[in-house]
Amino acid sequence: MATLIKTKNGKKVVLLNPAERGKRYSRELANGRKHDGTPLTDTEAAFRMGVLNERKTQAKIYNKKNGLKGKSKKNRKATAANTYADRGRPQDDFAGHGGWF
């Protein structure tokens, strides 16, 4: 969620979380203009492309570490820890106990 901050000299600054900043940068790159309507310079466009590329790279690293194939949780790899959680049973399989504790 965006946060509005007022600096010492009275200037208002909007701080965006990473998802909002990525959405804003992608919109600005698509339009070729900044949020206030001025055209993007080559340096500004390169910076925005770098930010978006880094977010994509970090998402791929996270998905690889956590066994995800993409954004969808349906594509998660089955491991011993989450197979029992999906079925609603305790993770320790006490054979012959016959029920919950």
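Among the residues of segment 11-33, how many are assigned to a loop (DSSP other than H, G, I, E, B) and exposed (fewer than 12 other Cβ atoms within 10 Å of the Cβ)?
Residues in segment 11-33 being assigned to a loop (DSSP other than H, G, I, E, B) and exposed (fewer than 12 other Cβ atoms within 10 Å of the Cβ): 3 in total.
For segment 34-67, enumerate the residues that are open to solvent by 80 Å² or more (accessible area, probe 1.4 Å), more than 22 Å from residue 4 (Cα to Cα) and of a type in the set (D, E, K, R).
42, 54, 55, 56, 60, 64, 65
Keeping to segment 1-10, report how many residues are touching a strand residue (DSSP E or B) at 6+ places or on another chain (Cβ under 6 Å) and either aromatic (Phe, Trp, Tyr) or open to solvent by 100 Å² or more (accessible area, probe 1.4 Å) (or both).
Result for segment 1-10: 2.
The values are calculated or read from the model by the stated rules, or taken from the named source; none is laboratory data. Please read these numbers as outputs of a predicted model, since none were measured by experiment. With ideal geometry, Cβ positions are generated from the backbone for all residues, glycine too; neighbour counts draw on all protein chains shown. Side chains are part of the model used for accessible areas, which takes the heavy atoms of the whole protein and leaves out ligands, DNA and RNA. Shrake-Rupley method; radii C 1.70, N 1.55, O 1.52, S 1.80 Å.
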